[in-house]
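Enquirer: Just passing along the structure, written as structure tokens.
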């Protein structure tokens, strides 16, 4: 074989781009099936209670309605260990919006009308849905999301803080947030005897498959999950959500294929959200800005169904040198919808707090905020003493400052003006850990010179299919167009979830391994693939399953310039710049989209997005895309992204770190810091709506 | 399923006759609000009379130099109409600040005027709402009301009218032409919508079956300036937190003609008549604008989370009137 130029690192266009823009790509609710029926959920109108009666007589009057399934009449699901999918099992209502019945009908319209005609009676009980930092019932969980300890203490925070020359003590609040992927949570399910086929929208069909097998007590081999294209997830499809269990349950009950696409206004309550956090950060430093004491204490909420604790204090354990450190989490179990993963859980809200506090410390010390961060760069991970596998935060800050023109600004707050507009700029650091999970892959060489690689990866819009093809082509030493990568099916070699920014590393590693091995086999066969082809299987149970002696994180620096309208209080973004160090970038084109997408979502978090939990009903008020304000095109300026290539040998064969989440981390703080620079107002509660600014000006 | 009959009559008389016989029927314009409400179960008409393609699609000058706008004219068409842009900039700006391009392409003038509040409780059949089901209560007063009314609300309802266009039309003294089985009548735009009082289920003064056929604008005041401004949580595709439409004519430094209307403060476009009366003949200065608008907004009765609307509306109105006055003084008409 001749040596080909490497395609990893090249800006290869998405392989399925044409299918997506022409509508040829089939999503979970796009599969036509003979005899297809449609389902529509009935959701609880109380936040806590027990169902005492369900009257479906009016709903069933329409002959097009096949069934109204409830806890009383639905086939009983086994316990799969995940309360999110324990649907229609109990008369108990744990939160407003919980799915209490499902109407199944010949048409979508008939199902919707039937669902609207179902009358559910409740024995309503008082509910408790309001989170405050001093409420009763807050407890210390055994661990927080991603397996971190709830509390960590180093040194003597109290003494060091009390002795500090300069202190910052502030409370930051992040409202509940919703993922709202463009494709709703949807599934189409059909049974053939004990064999189940599900077209499902998820971030990992391996787990969907095993969960469905457990719920219905059938062999995994008899469960086929197809998730070839997924229209976004942002964490809300990271584990199976109720829609897939309901679709399969309904298909079993009516003996026909069932399609269920959750209506947009029901998604907020049953597919997870970013839990609200109340975070107190205390920084104690000397007059030169060297941090001696750092405390980050998070109060958050979970539901009565599940314990999910947003790990907002965790990034404060590794960001800055801090000899005396206290990081804690307290959580209350409330009668609210279950929180779950949303893009960069923990780091995203946590770094809003820490990086806002760093800006406050810079002001208090009279230091440039870029310089303050550089002065507190730790030689090793403070929490563990482990060396960093690579850490280029300082380079990102310096490069970003240069590109942004940071040092040309007047650092004084509230002096930049353009007519009625106040102009300001802000900076914040970003970080996201390196996750990698064991996965399996297979590679075939055909005698026709073509190759097929199989791995149950999920492309949720990131470009995973494309980058895996690049990795395979390079490992095989063949042109891209000779390689076909099959992903998105539960019967493929098991792949880990598209979450934790782990996909490329986790799936790419066994693909690389299998393809490297296959290339050797082809070479051993004299470069000729015999009839019947060659086949290789690989996994990374060993490589990815163990721990590491390194602290592994991606880092970045975000810069933002805002304008604040002094008449209306409206904050609009003029420009943003992100500079990231995340190992080798394998596809600049799709990577750029990931970074920009994350920063845009951070812009929404900072300025426009928020869910109000209505105390009277325990329900989220913003349940559609007209009221839940994802940033519109008009809100998003040109976003500039650069990266610093890192040669980190302690990652994986591709040398990559995950990039799906780091873009959202720090974006909100950079914007809030820019608002402070523009106005002199320190806004510690997101989103920064016009009323907040107006009442503070 | 919940079935309904659909009719697309060729003329207004037939449309009016169809609905006269259908007490729970409704006219259908662009459908950008009504169809949503039907999906949500908030509206359940048994007959839809599609009036979007009736021959009311013209924008014409009237004999007196005003403008007559057919009720079926699409919002996007009207926004870019040369006569609207030239003579009634407040209307063009209001239209362009509403919804999204796609929605404006579908929405009609008549339908825009009759769209319903976006109060979250009104749109959720699982919750009480006096506007949707009279007598069930108004959770918005204690609940989510940051977007809701500060003027003219009642204990029964604090909903706002969501239209941007209607605010501009209120400032322009528009007249609404209505057809019905009892013959045509003309309703001043400012009398079309009503405050909730003890009947919040009635958004307008129209009787069942009355059909909006056109909106007429009086001729523009010579030398008058007009503008529309909307404050919102995101830069596009968001309802107003507060908006203001104004028309100002200044002669020799004094206010000769002024119209101010606020959006998102009440269940109807709020004509600031108190402010207008106070300003007439006064110097066209920021100080007099501020005094007059404060006077107007003294009637505001904010709830826990929407008090910001009062200073927001005031600042927007004062700043806009100041700008219009400066333009009057400095530029060509």
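Enquirer: Which one is nearest to the other protein chains (Cβ to nearest Cβ) among residues in region B:276-301 that are touching a residue at least 60 places away in the same chain (Cβ under 8 Å) and surrounded by fewer than 18 Cβ atoms within 10 Å (Cβ to Cβ)?
Expert: Looking at the filtered set, the residue picked out is B:301.
Enquirer: Given (1) loosely packed, with under 13 Cβ neighbours inside 10 Å; (2) in contact with a strand residue (DSSP E or B) (Cβ under 9 Å, 6 or more places away or on another chain); (3) in the same structural domain as residue A:219 (by TED's automatic domain parsing), identify the lone condition not met by residue A:73.
Expert: Among (1) loosely packed, with under 13 Cβ neighbours inside 10 Å; (2) in contact with a strand residue (DSSP E or B) (Cβ under 9 Å, 6 or more places away or on another chain); (3) in the same structural domain as residue A:219 (by TED's automatic domain parsing), the lone unmet condition for residue A:73 is (1).
Enquirer: How do the strands (runs of 3 or more DSSP E) wholly within region A:366-474 filter down when requiring 3 or more residues that are crowded, with 24+ Cβ neighbours inside 10 Å: which remain? Full working, then the answer.
Expert: Numbers: elements: A:421-433, A:440-445, A:451-454.
Output list reads A:421-433, A:440-445.
Enquirer: State whether one or more residues within region B:34-47 are surrounded by 18 or more Cβ atoms within 10 Å (Cβ to Cβ), under 25 Å from residue B:84 (Cα atoms) and touching a strand residue (DSSP E or B) at 6+ places or on another chain (Cβ under 6 Å).
Expert: Scanning region B:34-47 turns up no residue that is surrounded by 18 or more Cβ atoms within 10 Å (Cβ to Cβ), under 25 Å from residue B:84 (Cα atoms) and touching a strand residue (DSSP E or B) at 6+ places or on another chain (Cβ under 6 Å).
Enquirer: Taking the options A:637, A:653, name whichever one is part of a loop (DSSP other than H, G, I, E, B) and more than 25 Å from residue B:97 (Cα to Cα). Walk me through it before giving the result.
Expert: On the way: A:637 fails: more than 25 Å from residue B:97 (Cα to Cα).
After applying the criteria, what remains is A:653.
Enquirer: Would you check if residue A:445 is more than 30 Å from residue A:345 (Cβ to Cβ) and either touching a residue at least 24 places away in the same chain (Cβ under 8 Å) or touching a helix residue (DSSP H, G or I) at 6+ places or on another chain (Cβ under 9 Å) (or both)?
Expert: Answer is yes for this residue.
Enquirer: Also, quick follow-up: How many of the residues making up region B:215-260 are more than 22 Å from residue B:318 (Cα to Cα), out of contact with any helix residue (DSSP H, G or I) (no Cβ under 7 Å at 6 or more places or on another chain) and within 14 Å of chain A (Cβ to nearest Cβ)?
Expert: Residues flagged as more than 22 Å from residue B:318 (Cα to Cα), out of contact with any helix residue (DSSP H, G or I) (no Cβ under 7 Å at 6 or more places or on another chain) and within 14 Å of chain A (Cβ to nearest Cβ) within region B:215-260 amount to 2.
Enquirer: Let me ask something else. Is it the case that region A:517-534 has a residue that's under 20 Å from residue A:443 (Cα atoms), outside the structural domain of residue A:635 (by TED's automatic domain parsing) and assigned to a strand (DSSP E or B)? Step through it out loud before you land on a result.
Expert: The first filter runs over region A:517-534 and keeps only residues under 20 Å from residue A:443 (Cα atoms), leaving A:517-534.
Filter once more, keeping what is outside the structural domain of residue A:635 (by TED's automatic domain parsing): A:517-534.
The next check asks that each one be assigned to a strand (DSSP E or B); those that pass are A:534.
Checked region A:517-534: at least one residue is under 20 Å from residue A:443 (Cα atoms), outside the structural domain of residue A:635 (by TED's automatic domain parsing) and assigned to a strand (DSSP E or B).
Enquirer: Does residue A:63 qualify as being within 19 Å of residue A:257 (Cα to Cα) and within 13 Å of chain B (Cβ to nearest Cβ)? Reasoning before the result, please.
Expert: Details: within 19 Å of residue A:257 (Cα to Cα): yes; within 13 Å of chain B (Cβ to nearest Cβ): yes.
Criteria met by residue A:63.
Enquirer: If residue A:562 satisfies every condition in (1) away from chain B (no Cβ under 14 Å); (2) buried (at least 24 other Cβ atoms within 10 Å of the Cβ) but one, which is the exception?
Expert: The failed condition is (1).
Enquirer: Here is a follow-up. Just name the residue that is surrounded by the fewest Cβ atoms within 10 Å (Cβ to Cβ) out of those in region B:1-16 that are in contact with a helix residue (DSSP H, G or I) (Cβ under 7 Å, 6 or more places away or on another chain) and within 14 Å of chain A (Cβ to nearest Cβ). Break it down into steps so the answer makes sense when it comes.
Expert: Taking region B:1-16 and keeping what is in contact with a helix residue (DSSP H, G or I) (Cβ under 7 Å, 6 or more places away or on another chain), we get B:1-2, B:7, B:9.
Those still in the list that are within 14 Å of chain A (Cβ to nearest Cβ) too: B:1-2.
On the way: B:1: 18, B:2: 16.
Taking the candidates together, the pick is B:2.
Enquirer: Among the residues of region B:186-217, count how many are within 23 Å of residue B:72 (Cβ to Cβ), in a loop (DSSP other than H, G, I, E, B) and within 17 Å of the chain's Cα centre (by Cα).
Expert: Residues of region B:186-217 that are within 23 Å of residue B:72 (Cβ to Cβ), as a first pass: B:186-193, B:203-217.
Next cut, in a loop (DSSP other than H, G, I, E, B) only: B:203, B:205-210.
Going one step further and asking which of them are within 17 Å of the chain's Cα centre (by Cα), we end up with B:203, B:205-206.
Residues flagged as within 23 Å of residue B:72 (Cβ to Cβ), in a loop (DSSP other than H, G, I, E, B) and within 17 Å of the chain's Cα centre (by Cα) within region B:186-217 amount to 3.
Enquirer: Does residue A:660 satisfy the condition of being crowded, with 24+ Cβ neighbours inside 10 Å, within 30 Å of residue A:507 (Cα to Cα) and either within 12 Å of chain B (Cβ to nearest Cβ) or out of contact with any strand residue (DSSP E or B) (no Cβ under 8 Å at 6 or more places or on another chain) (or both)? Break it down stepwise before answering.
Expert: Values: crowded, with 24+ Cβ neighbours inside 10 Å: yes; within 30 Å of residue A:507 (Cα to Cα): yes; either within 12 Å of chain B (Cβ to nearest Cβ) or out of contact with any strand residue (DSSP E or B) (no Cβ under 8 Å at 6 or more places or on another chain) (or both): yes.
Criteria met by residue A:660.
Enquirer: Yes or no: residue B:181 more than 14 Å from chain A (Cβ to nearest Cβ) and more than 14 Å from the chain's Cα centre (by Cα)?
Expert: Details: more than 14 Å from chain A (Cβ to nearest Cβ): yes; more than 14 Å from the chain's Cα centre (by Cα): yes.
Taking the combined requirement at face value, the residue satisfies it.
Enquirer: I need the full set of residues from region B:26-44 which are within 14 Å of chain A (Cβ to nearest Cβ) and outside any helix (DSSP H, G or I), in order please.
Expert: If we filter region B:26-44 for residues that are within 14 Å of chain A (Cβ to nearest Cβ), which is where we start, we get B:32-33, B:35-44.
Within region B:26-44, B:32, B:33, B:41, B:42, B:43, B:44 meet the criteria.
Enquirer: Considering only residues of region A:576-592 that are part of a strand (DSSP E or B) and over 18 Å from residue A:678 (Cβ atoms), which is farthest from the other protein chains (Cβ to nearest Cβ)?
Expert: By that ranking, first place goes to A:583.
Enquirer: Go through the residues of region B:233-246 one by one and say whether even a single one is surrounded by fewer than 23 Cβ atoms within 10 Å (Cβ to Cβ) and part of a helix (DSSP H, G or I).
Expert: Within region B:233-246, not a single residue is surrounded by fewer than 23 Cβ atoms within 10 Å (Cβ to Cβ) and part of a helix (DSSP H, G or I).
Enquirer: Counting just the residues of region A:593-609 that are surrounded by fewer than 24 Cβ atoms within 10 Å (Cβ to Cβ) and within 14 Å of chain B (Cβ to nearest Cβ), which one comes out farthest from residue A:266 (Cα to Cα)?
Expert: Filtering region A:593-609 down to residues surrounded by fewer than 24 Cβ atoms within 10 Å (Cβ to Cβ) leaves A:593, A:596-597, A:600, A:608.
Filter again for within 14 Å of chain B (Cβ to nearest Cβ), leaving A:600, A:608.
Values: A:600: 24, A:608: 21 Å.
Checking each candidate, the answer is A:600.
Enquirer: Now, a different point. Looking only at region A:101-157, which residues are within 14 Å of another protein chain (Cβ to nearest Cβ), touching a helix residue (DSSP H, G or I) at 6+ places or on another chain (Cβ under 7 Å) and not in a helix (DSSP H, G or I)?
Expert: If the condition is that a residue be within 14 Å of another protein chain (Cβ to nearest Cβ), touching a helix residue (DSSP H, G or I) at 6+ places or on another chain (Cβ under 7 Å) and not in a helix (DSSP H, G or I), then A:103, A:104, A:105, A:118 are the ones that fit.
Enquirer: Okay, next question. Which residues, taken from region A:517-534, are surrounded by fewer than 14 Cβ atoms within 10 Å (Cβ to Cβ) and under 18 Å from residue A:472 (Cα atoms)?
Expert: Restricting attention to region A:517-534, the residues satisfying the condition of being surrounded by fewer than 14 Cβ atoms within 10 Å (Cβ to Cβ) are A:520, A:523-528, A:530-532.
Answer for region A:517-534, where residues must be surrounded by fewer than 14 Cβ atoms within 10 Å (Cβ to Cβ) and under 18 Å from residue A:472 (Cα atoms): A:520, A:523, A:527.
Enquirer: Quickly run through region A:475-508 and pick out the residues that are surrounded by 20 or more Cβ atoms within 10 Å (Cβ to Cβ) and part of a helix (DSSP H, G or I).
Expert: Hits for region A:475-508 are A:475, A:476, A:503, A:504, A:505, A:506, A:507, A:508.
Enquirer: Could you say which residue among B:168, B:159, B:140 is part of a helix (DSSP H, G or I), at pLDDT 95 or above and under 14 Å from the mean Cα position of the chain (by Cα)?
Expert: On the way: B:159 fails: part of a helix (DSSP H, G or I); B:140 fails: under 14 Å from the mean Cα position of the chain (by Cα).
Criteria check complete, one pass: B:168.
Enquirer: Please work out which one of (1) over 23 Å from residue A:349 (Cα atoms); (2) within 14 Å of another protein chain (Cβ to nearest Cβ); (3) in contact with a helix residue (DSSP H, G or I) (Cβ under 8 Å, 6 or more places away or on another chain) is the condition residue A:653 fails and give its number.
Expert: If we test residue A:653 against (1) over 23 Å from residue A:349 (Cα atoms); (2) within 14 Å of another protein chain (Cβ to nearest Cβ); (3) in contact with a helix residue (DSSP H, G or I) (Cβ under 8 Å, 6 or more places away or on another chain), just (2) comes out false.
Enquirer: Can you tell me which residues in region A:543-575 are more than 21 Å from residue A:688 (Cα to Cα) and assigned to a loop (DSSP other than H, G, I, E, B)?
Expert: Within region A:543-575, A:546, A:547, A:548, A:549, A:550, A:552 qualify.
Enquirer: Taking into account only those residues within region B:105-130 that are outside any loop (DSSP other than H, G, I, E, B) and surrounded by fewer than 22 Cβ atoms within 10 Å (Cβ to Cβ), which is farthest from the other protein chains (Cβ to nearest Cβ)? Lay out the reasoning, then the answer.
Expert: In the first step, residues of region B:105-130 are kept if they are outside any loop (DSSP other than H, G, I, E, B); the result is B:105-106, B:108-113.
Still in the list and also surrounded by fewer than 22 Cβ atoms within 10 Å (Cβ to Cβ): B:105-106.
Values: B:105: 17, B:106: 15 Å.
Within region B:105-130, the match that is farthest from the other protein chains (Cβ to nearest Cβ) is B:105.
The values are calculated or read from the model by the stated rules, or taken from the named source; none is laboratory data. Because the structure is predicted, anything quoted here is derived from the model rather than measured. Counting neighbours? That spans all protein chains shown, and the Cβs are built from the backbone with ideal geometry, glycine included.
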